[in-house]
Amino acid sequence: MKMIEAIIKPFKLEEVKDGLMEIGVHGMTVTEVKGLGRQKGSKETYRGAEYTTDFVPKLKIEVLVADSILARAIETITRHAKTGTVGDGKILVSDVSSVIRIRTGETGESAL
């Protein structure tokens with residue numbers, strides 16, 4: 001099993017969610033995050049004062065997938081989150097040694 005963490009632009013969430021559900025990924029955790037990278041933030045003017053916002057708002061999606069659909073899940077996230085501009089995000093993949101569904105006690109892939 002693998003944990004996929006994807007940092008994406010907020011307006012791409014629905015597209016990514018729908019795409020993942022189409023391939024059989026039914027659970028995810030979404031967290032609002034801020035990031036600093038090549039996008040560099042922006043300059044804003046508020047009440048006559050100029051300030052720089054270094055951290056850009058993003059969403060972090062976390063999904064657990066079976067090894068058998070990992071490549072499809074990554075391709076789906078990439079296809080639906082891509083805008084072709086700086087700041088589209090990152091995808092990180094890690095191994096998961098164990099998963100337990102609290103309600104039923106199921107373990108492994110059946111707990112996904």
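The values are calculated or read from the model by the stated rules, or taken from the named source; none is laboratory data. Given the structure is predicted, the values throughout are model-derived calculations rather than measurements. Positions of Cβ are generated from backbone atoms using ideal geometry, with glycine treated the same way; all protein chains shown enter the neighbour counts.
If the condition is being out of contact with any Ser or Thr (no Cβ under 7 Å at 6 or more places or on another chain) and outside any loop (DSSP other than H, G, I, E, B), then region 95-112 contributes 95, 108, 109, 110, 111. Cβ separations smaller than 8 Å between residues 6+ apart or across chains give no pair from region 1-29 residues that are more than 20 Å from residue 99 (Cα to Cα) and free of Cβ contacts under 8 Å to residues at least 40 places away in the same chain to residues that are buried (at least 16 other Cβ atoms within 10 Å of the Cβ) and among the polar types (S, T, N, Q). When 70, 92 are checked against the criterion of being in a strand (DSSP E or B) and in contact (Cβ under 8 Å) with a residue 40 or more places away in the chain, 92 stands alone in meeting it. Per the conditions (1) within 13 Å of the chain's Cα centre (by Cα); (2) more than 25 Å from residue 111 (Cα to Cα); (3) not acidic (Asp, Glu), the sole criterion not satisfied by residue 47 is (1). Of the residues in region 35-53, not one is at pLDDT 95 or above, surrounded by fewer than 16 Cβ atoms within 10 Å (Cβ to Cβ) and either in a helix (DSSP H, G or I) or among the hydroxyl-bearing types (Ser, Thr, Tyr) (or both). All of 62, 75 fail the test of being in a strand (DSSP E or B), within 18 Å of residue 23 (Cα to Cα) and free of Cβ contacts under 8 Å to residues at least 60 places away in the same chain, apart from 62. Counting the residues of region 50-66 that are polar (S, T, N, Q) and within 30 Å of residue 99 (Cα to Cα) gives 0. If you go through region 89-108 one residue at a time, do you hit one that is crowded, with 16+ Cβ neighbours inside 10 Å and either of a type in the set (S, T, N, Q) or at pLDDT below 95 (or both)? Yes: one or more hits. Residues of region 54-72 that are closer than 24 Å to residue 107 by Cα and either under 11 Å from the mean Cα position of the chain (by Cα) or of a type in the set (Phe, Trp, Tyr) (or both): 61, 62, 63. Within this structure, residue 67 fails the test of being surrounded by 15 or more Cβ atoms within 10 Å (Cβ to Cβ) and charged (D, E, K, R). Among the residues making up region 5-21, those that are assigned to a helix (DSSP H, G or I) and not aliphatic (A, V, I, L, M) are 10, 11, 12, 14, 15, 17, 18, 19.
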